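Step one of this worksheet: look at the structure below.
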Amino acid sequence: MNEPLEAKSAEEHDELREGQTARPVGAPGTPGHELFTATPVERWKQVAENIARFVCLLATLALIVPMAAILTYLLVQAWPALSFSFLVENPHDYMTTGGIWAPLVGTFWLVWISLLIAAPVGVLAGVYLNEYARDNWFTRIINLAVVNLAGVPSIIHALFGVGAFVMFAGMGRSLLAASCTLAVMTLPVIITSTREALAAVPIAFREACWNLGASRWQTIRTIVLPNSISGILTGVILQVSRAAGETAPILFTGAVFFSTLPEHGAGAFFPYGLGDRCMALSMHLFTLSTQVRGVTPALQYGTAVVLIGLVLAVNSLSIGLRIYLRSRKKW
Amino acid sequence: MLQVVLDRTEPAVEWLIRLCGWSAILLVFGIFFFVFREALPMLGGKLNLTEFFTSAEWRPTAEPEPHYGILALLLGSLSVTALAMLLAVPLGLGAAVFISEFSSGRVRETLKVLIEFLAAIPSVVWGFVGYMMLGPIIIRLTGAPVGVCLLNGGIILALMSVPIIVSVGEDALRAVPDSYREAALSMGAGRWEIVYRVLFPAAKNGLLAAVLLGVGRAIGETMAVLMATGHAVQIPHSLLDPIRTLTATIAAELGEAVQGEPHYRVLFVIGLVVFVLTFIVNLTADLVVKGIRNERAA
């Protein structure tokens, strides 16, 4: 009973639609069609836009593709060398065989000690700039100093490290002097990201806390810092990635060409005092590729891949944390 | 208990915070002071400054008369930076425009992350890439006797300084209010016309700052140019000439120079030159950015 009725109505509906699509508003022959067809100027505009988009896309690809190619090539070349024993063995035979244990441990401690120095100072400096500093000429100078400190070339940091820590402070060429130099170099990263994280906490949170009679420092401790701690962390992680990759600042302040470490036992993990010199992964790559003869390429590429892997892994952690934070922001 | 202690120590803590806040100023002055202190004994007349800046002869260990002329090194630094900018500025601004105006959502976020990765690659790895990978490619393509040269260093430096151009340039383009784009659209402008006629003029200071920061990064770069440019003291005449830069000279020779000797101190003088160069470039970039901010506020 119902079937024909339904069929008919569907047919009618189709007819209706066909009627509409056959003569859309603005189609040739209907009034006002000039409005909807592209004039030569508009067509040219479309072409120009497409060309511009294509050229910009090419420029972007010209950055991404070489990076991908380089990373792939490095990985392929390094493949024969990469193994667990490559990581936990010392370099042997004038560094022409063996692994990268000693440089790896050296980089680890350089990064940690520089982090222990830079993180408290940087975070407190960020707190000062966002919570205490008034908007006056002095604050502007501090901001200018932070920007310029970030722009100081790494080799100048190396000279500063030699002049200030190695010579003036009497640390000599040591793990401590190198870590201090790295800390100074990476300080602006932490200051800037801390300030941004603090600035993202709404002012209303602070006002509510002040209204309860809390002092400035109590407010910062109990409200501002807990609400921005993850943002601060992303900056701290970025510091780690920068410190791990730098070579020039540690070249003359504490990194050593070659040293062996015990491969087993507690001595393998903290084998030196703060006054000793140590190997570092970044400097090891430089030494292997330019200073030592007869190194198998796989060893060089392997070192490069471990260094890049370390830095990119730490960076991904920071980026991941940032994306996660943005997704669950409450205010 | 802990609360009480934390609250009691508030004045002390506030002073500590203030002190840390001032650390940036102290450090910038400290860097200048300590580099200057090591360079000072040479500056008091012992170093012939005319020869220093105009002679291309860099023979710091020659006997009996060492020559300290940095002209070749200075030209090396400037030429490799110029070449890098020639490559990096169009690519960087193109990529900034693509990310900011021609892409959206997932694509934009992915591209930004990739650019961040590009920025994260350590300079010694870039040097390694130039030395081990790009060098042989240049030899094969051009038939040059050595692959580590001005061209090699320029390409590597371009890839290294492009991320900062992209990210600062993109920020500058995003900072242009959407009402500008809407106004242009309503007058019938296409996307490209908006970029070219509206965004570029409106964001020109930010884009200029992006380029300047790229220059600052390129001039100061050390490890990559040390490994990729061939390290030969000469005034470059072609793209395939090996060159040497100011920064690479410091990195290569500071380890051998005897502490306190003229050679050692001259390296610190070169450090001062590099420091002042980058300081001027970065300061200009900062003032250019401040310029827009004040204009906006007014």
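No lab work stands behind these numbers, since they all come straight from the coordinates. A quick note: this is a predicted structure, and the numbers were derived from the prediction, not measured. Cβ: placed from backbone, ideal geometry, glycine included. Neighbour counts: every protein chain shown.
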Task: Dipole of region B:1-160, positive end: most advanced residue of B:Ile25, B:Phe52, B:Ala120 [Cβ charges, Cα centre] - done: B:Ala120
Task: Helical contribution to [θ] at 222 nm, DSSP H n ≥ 4, -39,500 (n - 2.57), averaged over chain B, rounded to 500 - done: -22500 deg cm²/dmol
Task: Expected 222 nm ellipticity per residue - DSSP helices of 4 or more, -39500 (n - 2.57), all of chain A, to 500 - done: -21500 deg cm²/dmol
Open item on the list: At 0.36 nm per residue, and after removing the present C-alpha to C-alpha distance, how many nm does the segment from B:Glu14 to B:Arg197 gain when stretched out fully?
Closed with: 60.9 nm
Task: Neighbouring partner chain Cβ atoms per residue of B:39-45, average, 10 Å criterion - done: 0
TODO: Kindly state, to the nearest 0.05, the FRET efficiency for A:Thr72 paired with A:Leu116, given R0 = 41 Å and r defined as their beta-carbon distance.
DONE: 0.65
Open item on the list: If packing is taken as the average number of other Cβ atoms within 10 Å across a peptide's residues, how do A:216-222, A:143-149, B:76-82, B:4-10 rank, most packed first?
Closed with: B:76-82, A:143-149, A:216-222, B:4-10
Open item on the list: Explain nothing, just the number: dipole magnitude of the protein assembly as shown about its Cα centre with +1 on each Lys and Arg Cβ and -1 on each Asp and Glu Cβ, in debye rounded to the nearest 20.
Closed with: 980 debye
TODO: Set the Förster distance to 30 Å, then compute FRET efficiency between B:Thr110 and A:Ser85 from the Cβ-Cβ distance, nearest 0.05.
DONE: 0.25
Task: Nitroxide proxy distance, nm - points 7 Å out along Cα→Cβ at A:Phe138 and A:Arg216 - done: 1.1 nm
- [ ] Would you mind giving the mean number of other chain beta-carbons within 10 Å of the Cβ of each residue in B:185-193, as a whole number?
- [x] 4
Task: Per-peptide average of other Cβ atoms within 10 Å, ordering A:107-113, A:273-279 highest first - done: A:107-113, A:273-279
- [ ] Place a +1 charge on the Cβ of each Lys and Arg in region A:87-327 and a -1 charge on the Cβ of each Asp and Glu, then give the dipole magnitude about the Cα centre in debye, rounded to the nearest 20.
- [x] 540 debye
TODO: Can you tell me the relative contact order of region B:143-267? Whole percent, Cα pairs under 8 Å, sequence separation 6 or more.
DONE: 35 percent
Open item on the list: Inside 10 Å of the C-beta atoms of B:25-36, what's the mean count of C-beta atoms belonging to other chains?
Closed with: 6
Open item on the list: Tell me which chymotrypsin sites (Phe, Trp or Tyr not before Pro) from region A:38-102 have a DSSP coil assignment and no more than 12 other beta carbons within 10 Å of their own.
Closed with: A:Tyr94
- [ ] Give the peptides B:37-50, A:313-326 in descending order of average Cβ contacts within 10 Å, highest first.
- [x] A:313-326, B:37-50
- [ ] Evaluate E = 1/(1 + (r/R0)^6) for A:Phe257 and B:Val4, where r is the Cβ-Cβ distance and R0 equals 51 Å; express this FRET efficiency to the nearest 0.05.
- [x] 0.45
